[in-house]
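Structure record follows, encoded as structure tokens.
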Amino acid sequence: MCGLQLQSDADTLLRARFEQSQLPQAITGLDLRLVAVNAAMGRLLGRPVEELIGVHVDALTHPQAPPSRACELLEAGASGELDYERVYQRPDGTPVPARLFATLVRDPGGAPHSIAVFVVDLTDQQRAEEALRSREAFFQALLERASDVAVVNAPDGTVVYANATVSNFGYTPEEVIGQRGLHFVHPEDRQFVAAAWESIQRVPGAAISLVYRHHHVDGRYRWVEAWVCNKTADPQIGGIVTNLRDVTSRLETEQALQESLERYRAIVETAQEGIWVANPQGHTVYVNQKMADIVGRSIEDLHTRGVLDLLDVEAAALVSRRLLERRNAGPEEYELSVPHPDGTARCLEVRSSPLWDGQGEFVGSLGMVSDITELKRVEQALRRQALYDHVTALPNRSLLEDRLEQAKERHTRGTTASVAVVFLDVDQFKLVNDSVGHAAGDRLLAQLAARLMSVALPGETVARFGGDEFVVLTEGVTSGQAHALASRMLAVLDEAFDIGGRTVHITASAGIATSAGCPAEELLQAADAAMYEAKRRGCGGVMMFDASLAAEARTRFDLNVELRTALCDEELELWYQPIVEIASGRLLGIEALARWNHPVRGFVSPDLFVAIAEQGGLVRRLDQWVLRRATADLHELRVGDHVAPDVYVSVNVSALHLAQGDLWSAVSEAAWLSDLPPGCLCLEVTETAVMAEPATASAVLKRLAEGGFSVALDDFGTGYSSLAYLRSLPVSRVKIDRSFVIDAADGVIDRAICASVVALCSQLGIQAIAEGVETQAQYDMLRELGCPAGQGYLWAKPMPKEDLVAWLGRGMPSDTPAGAR
């Protein structure tokens, strides 16, 4: 759609209203040539809109029609508004009668600028009038001027004639004739209508146009436009003729249009976004109050200053380039920093688009501006929260891995000679945390991080990897320099830490991996493996990842993959070792022990594949498999009368599974699937497993005990607070660690320990079970101490279920262990 060159942002926003209006509208220049036409006007004239631009209005009128009266608006003393009728002609010769409402538009200086015209199609109306004239020749002269309703009033105002169109107001002509005309006028309008009547009554032939409210039979009032003419001197009429037209819809449309204009203006003025219209040179054409508030300037200031005047040099160069490129760039979004008068800077988000006039000329830019300063602040805070550890303020694991990726890319491109990673883990930090509390532990980690940063060199990244693990990333160093870096990091930990007035000493173990010793993509894993090897060899040491560790790491990786397959393919087996009542030799239970007979590697050590399961996230699946197989095997033994009904199966539970809190589901499901009473299933946990997450472990074990399952504390005596666990956990059995049993027959100290544990368990109502019983002397000693139960090679080694059935079938004396015979 072509149109008059826009002068303001408000014009831009109202263009759509003009184009989409169903009311024919046009704008002419002062030379009466069309400069803007909407689609409705084009349809009225039967011409494409593009053909109408530049056409003189008189060129569109019927040959017999008089020239346009719009020029009267330019005469001195004119009111600036004019309405009149004329007849247009379509290209096919069809005449189009219309009523025009013209308004003179002035520029901001008050000078005439253009003429805006609203057009009402009178085709249907005049066709009706023509039909009426053909039927009623008597009223030919009267209906020439009639619009919708025609009435004739006597000089005293009494209605003497009304056409049938009074039905528009719900009346019949008979109901109207004989009434006084003022009777149908709204009470608030009667005074000025009566005055108008009096003025034309005095002058035969005089006419006047009025707009007032006319009564409708339904009780409402309709707005009418009345043309009142004194025809008392006309012998054919002899009265005052009034032509009424219902203009309610038109006035409502005009009011709606005006309200729409005001509404859009209000929207622009009250928008929560800044709106800025600038010409191609960057000078302000329009700006709303929100924009002024954002940049801390007055609207007047923004009109007198250019956009570039508010920006710093860098931002001004950016905007200047964008303004010059706008005509070709089209709409775009960008961010901008603008100095604020209060001394701060505002970060603005600008959505800019070009403005074009009706001739397709670039006339400026429209900018929708939002102040995103606070949003950017929050984003920066969230980014820091996402990339930095809140306890130590060090880069976190995510940021470390990102920087490591970048370092590896630089190494691949050859822009850096090497990449090295030092992996540090605080030794026995859990003991520190448990003794001083988590809050104090966090303060210790924060101090530790500060010490590490104090000896870090420029370009080195010190990050908290998680928990009590820290990683240092550096580039361009040799293996020796990486080792020196690790030693330097450990050395700063030698001095004691002051945590709330409490002196704390800590050590750490470190593993080192460099791109010279392993593939760059495996640096973290390699350094981690080296750190664990350093821990294994003694806390506080440094270990460099080498070929042997690489081979071990590869083996562990392969075993992790193979273990996953083994669990799916049922390659694992369960072996069982009897738990025997020492006094009678009666079978009390059997301990289920997982075995993996690898098709290539042979038997894999349980310590190894259990550790791999824990590190590879398979421990829950392993525990679930053991629980289901053990309970199913015991059920078969019970059904086959191979064991007594009170014999139980004991299953070792991983510390990780215990800490995750869903052990209850796995245990109860296994017992339910095998139809095994809860009392026939015992869960063995170590003190170390309980210490990992004491609160979670305690809650899980208590729930298991409440469900009827029994709990055994395994490897008793090797932990840190054995007696405390006997008091706080629902333990029904205690397994004395084999390290105390081996020398108990001859060693005074170990015998005393065994005697104390047996006596303590007896007093607490807990069954003591001695592990690792291998000799008759050990058996005799335990029997003498009154130890209730034992387990070990003296009775039987762990064996497959089939061998267990055979062992049970052979039977054994009630007072002598089988191995002693």
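The values are calculated or read from the model by the stated rules, or taken from the named source; none is laboratory data. Everything numeric here is computed off the predicted structure, so don't read it as measured data. We place every Cβ from the backbone using ideal geometry, glycine too, and count neighbours over all the protein chains shown. Just so you know, the surface numbers come from the protein's heavy atoms only, side chains and all, with ligands and any DNA or RNA stripped out. Shrake-Rupley method; radii C 1.70, N 1.55, O 1.52, S 1.80 Å.
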- Message: When the residues of the stretch 1-47 are narrowed to those that are touching a Leu at 6+ places or on another chain (Cβ under 7 Å), part of a loop (DSSP other than H, G, I, E, B) and crowded, with 17+ Cβ neighbours inside 10 Å, which ends up modelled with the lowest pLDDT?
- Response: 6
- Please list, ordered by first then second residue, the pairs with beta carbon atoms under 7 Å, 6 or more apart or interchain, first in the stretch 17-28 and under 14 Å from residue 358 (Cβ atoms), second part of a loop (DSSP other than H, G, I, E, B). 18/38; 19/1; 19/38; 27/4
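Is it the case, given these coordinates, that residue 350 is under 31 Å from the mean Cα position of the chain (by Cα), open to solvent by less than 20 Å² (accessible area, probe 1.4 Å) and either at pLDDT 85 or above or within 12 Å of residue 369 (Cα to Cα) (or both)? Reasoning before the result, please.
Numbers: under 31 Å from the mean Cα position of the chain (by Cα): yes; open to solvent by less than 20 Å² (accessible area, probe 1.4 Å): yes; either at pLDDT 85 or above or within 12 Å of residue 369 (Cα to Cα) (or both): yes.
Here the answer is yes, as residue 350 does meet what is asked.
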- Message: Of everything in the stretch 48-68, what is out of contact with any strand residue (DSSP E or B) (no Cβ under 8 Å at 6 or more places or on another chain), outside any loop (DSSP other than H, G, I, E, B) and not hydrophobic (A, V, I, L, M, F, W, C)? Give them in sequence order.
- Response: 50, 51, 58
- Got a sec? Which of 566, 550 is open to solvent by less than 20 Å² (accessible area, probe 1.4 Å), of a type in the set (A, V, I, L, M) and under 43 Å from the mean Cα position of the chain (by Cα)? 566
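Looking only at residues in the stretch 648-657 that are out of contact with any strand residue (DSSP E or B) (no Cβ under 6 Å at 6 or more places or on another chain) and open to solvent by less than 20 Å² (accessible area, probe 1.4 Å), which one is nearest to residue 735 (Cα to Cα)?
Applying the first criterion (out of contact with any strand residue (DSSP E or B) (no Cβ under 6 Å at 6 or more places or on another chain)) to the stretch 648-657 yields 654-657.
Now narrow it down to the ones that are open to solvent by less than 20 Å² (accessible area, probe 1.4 Å): 654, 657.
Values: 654: 16, 657: 20 Å.
This residue is 654.
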- Message: Could you check the stretch 353-386 and list, in sequence order, the residues that are among the hydrophobic types (A, V, I, L, M, F, W, C), loosely packed, with under 15 Cβ neighbours inside 10 Å and under 22 Å from the mean Cα position of the chain (by Cα)?
- Response: 375, 378, 381, 382, 386
- Unmet criterion (only one of (1) small (Gly, Ala, Ser); (2) at pLDDT 85 or above; (3) under 30 Å from residue 497 (Cα atoms)) for residue 407: (3)
- Query: Scanning the stretch 185-208 for residues that are of a type in the set (Gly, Ala, Ser) and closer than 14 Å to residue 231 by Cβ, which turns out surrounded by the fewest Cβ atoms within 10 Å (Cβ to Cβ)?
  - Reply: 205
- Query: Among the listed residues 724, 712, 705, which satisfies the condition of being at pLDDT 90 or above and surrounded by fewer than 21 Cβ atoms within 10 Å (Cβ to Cβ)?
  - Reply: 705
- Query: Among all residue pairs at least 6 apart or on different chains, which show Cβ distances below 8 Å where the first residue, located in the stretch 84-111, is farther than 27 Å from residue 245 by Cβ and the second is modelled with pLDDT under 90 and open to solvent by less than 60 Å² (accessible area, probe 1.4 Å)?
  - Reply: 106/80; 106/112
- Taking the stated definitions as given, is residue 75 among the charged types (D, E, K, R) and under 14 Å from residue 121 (Cβ atoms)? no
- modelled with pLDDT of 90 or more, touching a Lys or Arg at 6+ places or on another chain (Cβ under 6 Å) and under 26 Å from residue 252 (Cα atoms) - does that describe any residue in the stretch 187-200? yes
- Residue count, the stretch 508-534, condition more than 38 Å from the chain's Cα centre (by Cα), among the hydrophobic types (A, V, I, L, M, F, W, C), closer than 18 Å to residue 408 by Cα and buried (at least 24 other Cβ atoms within 10 Å of the Cβ), comes to 2
- Expected single match for in contact with a helix residue (DSSP H, G or I) (Cβ under 6 Å, 6 or more places away or on another chain), over 30 Å from residue 282 (Cβ atoms), open to solvent by less than 60 Å² (accessible area, probe 1.4 Å) and among the acidic types (Asp, Glu) among 425, 389 is 425
- Just need a number here: residues in the stretch 743-783 that are surrounded by fewer than 17 Cβ atoms within 10 Å (Cβ to Cβ) and more than 15 Å from residue 795 (Cα to Cα). 13
- Task: Might you check whether a residue that is out of contact with any Lys or Arg (no Cβ under 7 Å at 6 or more places or on another chain), assigned to a loop (DSSP other than H, G, I, E, B), polar (S, T, N, Q) and within 27 Å of residue 782 (Cβ to Cβ) occurs anywhere in the stretch 569-587?
- Result: yes
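Quick one: which of 226, 233 is out of contact with any helix residue (DSSP H, G or I) (no Cβ under 6 Å at 6 or more places or on another chain) and either in a loop (DSSP other than H, G, I, E, B) or on the phi > 0 side of the Ramachandran plot (or both)? Spell out the reasoning first.
Working: 226 fails: either in a loop (DSSP other than H, G, I, E, B) or on the phi > 0 side of the Ramachandran plot (or both).
So the residue among 226, 233 that is out of contact with any helix residue (DSSP H, G or I) (no Cβ under 6 Å at 6 or more places or on another chain) and either in a loop (DSSP other than H, G, I, E, B) or on the phi > 0 side of the Ramachandran plot (or both) is 233.
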- Query: Within the stretch 617-641, restricting attention to residues that are open to solvent by 30 Å² or more (accessible area, probe 1.4 Å) and within 39 Å of the chain's Cα centre (by Cα), which residue is farthest from residue 555 (Cα to Cα)?
  - Reply: 624
- Restricting the first residue to the stretch 415-442 and requiring it to be over 25 Å from residue 541 (Cβ atoms), which pairs with a second residue that is of a type in the set (Gly, Ala, Ser) and crowded, with 19+ Cβ neighbours inside 10 Å meet a Cβ separation below 7 Å and a spacing of at least six or different chains? 416/407
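Every residue, every condition in (1) surrounded by 16 or more Cβ atoms within 10 Å (Cβ to Cβ); (2) touching a strand residue (DSSP E or B) at 6+ places or on another chain (Cβ under 6 Å), yes or no:
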residue: 216; (1), (2): yes, yes
residue: 227; (1), (2): yes, yes
residue: 234; (1), (2): no, no
residue: 243; (1), (2): yes, yes
residue: 251; (1), (2): no, yes
residue: 254; (1), (2): no, no
residue: 302; (1), (2): yes, yes
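Just to be sure before I move on: is residue 488 part of a helix (DSSP H, G or I), in contact (Cβ under 8 Å) with a residue 40 or more places away in the chain, surrounded by fewer than 19 Cβ atoms within 10 Å (Cβ to Cβ) and of a type in the set (Lys, Arg) in the structure I sent?
Numbers: part of a helix (DSSP H, G or I): yes; in contact (Cβ under 8 Å) with a residue 40 or more places away in the chain: no; surrounded by fewer than 19 Cβ atoms within 10 Å (Cβ to Cβ): yes; of a type in the set (Lys, Arg): yes.
Criteria not met by residue 488.
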- Could you pull out the residue among 278, 207, 196 that is within 44 Å of the chain's Cα centre (by Cα) and among the small types (Gly, Ala, Ser)? 278
- Message: Could you tell me how many of the residues in the stretch 268-289 are farther than 19 Å from residue 364 by Cβ, surrounded by 13 or more Cβ atoms within 10 Å (Cβ to Cβ) and either of a type in the set (Ser, Thr, Tyr) or in contact (Cβ under 8 Å) with a residue 24 or more places away in the chain (or both)?
- Response: 0
- Note on the structure: Within the stretch 731-765, residues being in a loop (DSSP other than H, G, I, E, B) and either modelled with pLDDT of 90 or more or under 60 Å from the mean Cα position of the chain (by Cα) (or both) number 4
- Note on the structure: residue 338 passes all but one of the listed conditions (1) at pLDDT below 80; (2) open to solvent by less than 50 Å² (accessible area, probe 1.4 Å); the exception is number (1)
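Could you go through the stretch 526-545 and let me know if any residue there is assigned to a helix (DSSP H, G or I), out of contact with any strand residue (DSSP E or B) (no Cβ under 8 Å at 6 or more places or on another chain) and over 16 Å from residue 611 (Cα atoms).
Kept after step one, since they are assigned to a helix (DSSP H, G or I), are these residues of the stretch 526-545: 526-537.
Then drop every residue that is not out of contact with any strand residue (DSSP E or B) (no Cβ under 8 Å at 6 or more places or on another chain), which leaves 536.
If we keep only those that are over 16 Å from residue 611 (Cα atoms) as well, we get none.
There is no residue in the stretch 526-545 that is assigned to a helix (DSSP H, G or I), out of contact with any strand residue (DSSP E or B) (no Cβ under 8 Å at 6 or more places or on another chain) and over 16 Å from residue 611 (Cα atoms).
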